[in-house]
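Q: My structure is below; once you've seen it, I'll send some questions.
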Amino acid sequence: MRGTGTCRIGVDLGGTKIEAIALDGSGHERFRRRVPTPRDDYEATLAAIADLVGGADAALAGPDPGGPRASVGIGTPGSISRATGSLRGSNSVCLNGRPIREDLERRLRRPVRVTNDSNCFALSEAVDGAGAGADVVFGVILGTGVGAGIVVGGRVLDGPNGIAGEWGHNPLPWPADDERPGPPCFCGRRGCIETFLSGPGLARDHAAAAGAPSGAAAAMSAEAIAARADAGDAGAEATLVRYERRLARALAHVINLLDPDVIVLGGGLSNLDRLTRNVPSLWGPWVFSDRVDTRLVRHAHGDSSGVRGAAWLWPGNAVGG
């Protein structure tokens, strides 16, 4: 792990849990704690974060409690609006429209950086994970939703609108006739990448191909579909082949736009080892190049990547007291 002399605290603020980690100046973990996210209670959420940061501060203080305080980074679904400074797009709806960064800075008495949890995943994997040593890393979350983060030269790329990497809410590229107009998405459009490549999207596609009623999609998870495919079920295998081809097209689009050194897969569906084996053999016809050197790899840090990436949001200088 990269050592900078800076003590860092990362917080992963999710819909069901809040996790904090503290890294010392050599990058070694000194503290980790997870608590349930208070339900529909903004002030209680701020208090829970402050309590976790206080515990992390104490673990890092050692013999010099008066030294520089650790930097604090927060990763959470959604992003900070450039127009209002408030959070938007969070699955914890009580946080939306709230100036969470400013409120936390007052409570913690130091600057706080807040970014999308996909950015944190990408940063963690770029620092010392599956994308370590690469200049351009595209980190993909394939789970209940679909998101991504971009890291260039060791830094998260946010963009002027704070939406760099919002890959899941673009249309599935090069759609076949039976993929148009695509399933409806919560964003108000149809045919978004997320509606095809998320776990629920995979389950829905399998149910539709089997002729099951739409409500039956939830009866078989992506993991169950994969298990059936491994057992020789032809229908389950066909579902995964469709999924791989769609993922190949969607990632080819990314390669054409960004040309990353490495694409790191995270989220529950990244546990399908066949994706990293099969998808690179499928994306070639869609990439505007005679050779594709981009690597497709599985994450190194699992569900710890979000909280670890949040800790790495600050550069190497300690935050003053």
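Q: Is it true that G232 is within 23 Å of the chain's Cα centre (by Cα) and surrounded by fewer than 18 Cβ atoms within 10 Å (Cβ to Cβ)?
A: Numbers: within 23 Å of the chain's Cα centre (by Cα): no; surrounded by fewer than 18 Cβ atoms within 10 Å (Cβ to Cβ): yes.
Criteria not met by G232.
Q: Go over the candidates I255, I263 one by one and state the one that is closer than 22 Å to D135 by Cβ, under 16 Å from the mean Cα position of the chain (by Cα), modelled with pLDDT of 95 or more and surrounded by 17 or more Cβ atoms within 10 Å (Cβ to Cβ).
A: Values: I255 fails: under 16 Å from the mean Cα position of the chain (by Cα).
Of the residues listed, the single one that is closer than 22 Å to D135 by Cβ, under 16 Å from the mean Cα position of the chain (by Cα), modelled with pLDDT of 95 or more and surrounded by 17 or more Cβ atoms within 10 Å (Cβ to Cβ) is I263.
Q: Right, here's the next one. What single numbered condition from (1) touching a Gly at 6+ places or on another chain (Cβ under 8 Å); (2) over 28 Å from V297 (Cα atoms); (3) acidic (D, E) fails to hold for D103?
A: Going through (1) touching a Gly at 6+ places or on another chain (Cβ under 8 Å); (2) over 28 Å from V297 (Cα atoms); (3) acidic (D, E) one by one, D103 breaks only (1).
Q: Is it true that D51 is outside the structural domain of G188 (by TED's automatic domain parsing), among the acidic types (D, E) and either within 24 Å of A148 (Cβ to Cβ) or in contact with a Ser or Thr (Cβ under 9 Å, 6 or more places away or on another chain) (or both)?
A: Details: outside the structural domain of G188 (by TED's automatic domain parsing): yes; among the acidic types (D, E): yes; either within 24 Å of A148 (Cβ to Cβ) or in contact with a Ser or Thr (Cβ under 9 Å, 6 or more places away or on another chain) (or both): no.
In short, no.
Q: From the set of residues in the range 159-178 that are crowded, with 17+ Cβ neighbours inside 10 Å, free of Cβ contacts under 8 Å to residues at least 60 places away in the same chain and over 12 Å from the mean Cα position of the chain (by Cα), which is farthest from A208 (Cα to Cα)?
A: A164
Q: Tell me which of these S289 doesn't satisfy, since it passes every other one: (1) outside the structural domain of R249 (by TED's automatic domain parsing); (2) assigned to a loop (DSSP other than H, G, I, E, B); (3) not aromatic (F, W, Y).
A: Of everything listed in (1) outside the structural domain of R249 (by TED's automatic domain parsing); (2) assigned to a loop (DSSP other than H, G, I, E, B); (3) not aromatic (F, W, Y), S289 misses just condition (1).
Q: Yes or no: R69 in contact (Cβ under 8 Å) with a residue 12 or more places away in the chain, touching a Cys at 6+ places or on another chain (Cβ under 9 Å), over 28 Å from L265 (Cβ atoms) and not in a helix (DSSP H, G or I)?
A: Details: in contact (Cβ under 8 Å) with a residue 12 or more places away in the chain: yes; touching a Cys at 6+ places or on another chain (Cβ under 9 Å): yes; over 28 Å from L265 (Cβ atoms): yes; not in a helix (DSSP H, G or I): yes.
It is true that R69 is in contact (Cβ under 8 Å) with a residue 12 or more places away in the chain, touching a Cys at 6+ places or on another chain (Cβ under 9 Å), over 28 Å from L265 (Cβ atoms) and not in a helix (DSSP H, G or I).
Residue-by-condition table, conditions (1) in contact with a Ser or Thr (Cβ under 9 Å, 6 or more places away or on another chain); (2) among the charged types (D, E, K, R); (3) over 27 Å from C187 (Cα atoms):
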| residue | (1), (2), (3) |
| --- | --- |
| T37 | yes, no, no |
| R110 | yes, yes, yes |
| E125 | yes, yes, yes |
| A134 | no, no, yes |
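This table checks each residue for (1) outside any loop (DSSP other than H, G, I, E, B); (2) out of contact with any His (no Cβ under 7 Å at 6 or more places or on another chain); (3) modelled with pLDDT under 95; (4) not assigned by TED's automatic domain parsing to the domain that holds T276.
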position: I150; (1), (2), (3), (4): yes, yes, no, no
position: I163; (1), (2), (3), (4): no, yes, yes, no
position: P173; (1), (2), (3), (4): no, no, no, no
position: T195; (1), (2), (3), (4): yes, yes, no, no
position: R204; (1), (2), (3), (4): yes, yes, yes, no
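Q: Follow-up question, since we're still on this one. Quick check, is A44 at pLDDT below 95 and over 30 Å from A130 (Cβ atoms)? Before the answer, list the steps.
A: Values: at pLDDT below 95: no; over 30 Å from A130 (Cβ atoms): yes.
Spelling it out, it is not the case that A44 is at pLDDT below 95 and over 30 Å from A130 (Cβ atoms).
Q: Still on this structure, I have one more. Could you say which residue among A300, A252 is of a type in the set (A, V, I, L, M) and part of a helix (DSSP H, G or I)?
A: Numbers: A300 fails: part of a helix (DSSP H, G or I).
The unique qualifying residue is A252.
Q: Would you confirm whether or not the range 277-297 contains a residue that is over 16 Å from the mean Cα position of the chain (by Cα), of a type outside the set (A, V, I, L, M, F, W, C) and within 21 Å of V156 (Cα to Cα)?
A: Yes, because at least one residue in the range 277-297 is over 16 Å from the mean Cα position of the chain (by Cα), of a type outside the set (A, V, I, L, M, F, W, C) and within 21 Å of V156 (Cα to Cα).
Q: Looking at the range 94-119 only, could you name the residues that are without any contact (Cβ under 8 Å) to a residue 60 or more places away in the chain and of a type in the set (V, I, T)?
A: Of everything in the range 94-119, those that are without any contact (Cβ under 8 Å) to a residue 60 or more places away in the chain and of a type in the set (V, I, T) turn out to be I100, V112, V114.
Q: On to the next question. Which of the following residues is part of a loop (DSSP other than H, G, I, E, B), modelled with pLDDT of 95 or more and farther than 25 Å from A47 by Cβ: A134, A122? I'd like the intermediate steps shown before the answer.
A: Working: A122 fails: part of a loop (DSSP other than H, G, I, E, B).
Sole residue among the options that is part of a loop (DSSP other than H, G, I, E, B), modelled with pLDDT of 95 or more and farther than 25 Å from A47 by Cβ: A134.
Q: Please tell me if D57 is out of contact with any strand residue (DSSP E or B) (no Cβ under 9 Å at 6 or more places or on another chain) and either part of a helix (DSSP H, G or I) or farther than 22 Å from G159 by Cα (or both). Spell out how you get there, then give the answer.
A: On the way: out of contact with any strand residue (DSSP E or B) (no Cβ under 9 Å at 6 or more places or on another chain): no; either part of a helix (DSSP H, G or I) or farther than 22 Å from G159 by Cα (or both): yes.
When the stated conditions are applied, D57 does not pass them.
Q: The conditions are (1) assigned to a helix (DSSP H, G or I); (2) of a type outside the set (D, E); (3) buried (at least 17 other Cβ atoms within 10 Å of the Cβ); (4) touching a Leu at 6+ places or on another chain (Cβ under 7 Å), and R107 fails exactly one of them. Which is it?
A: (3)
The values are calculated or read from the model by the stated rules, or taken from the named source; none is laboratory data. Everything quoted here is computed from the prediction, not taken from an experiment. Positions of Cβ are backbone-derived with ideal geometry, glycine not excepted, and every protein chain shown enters the neighbour counts.
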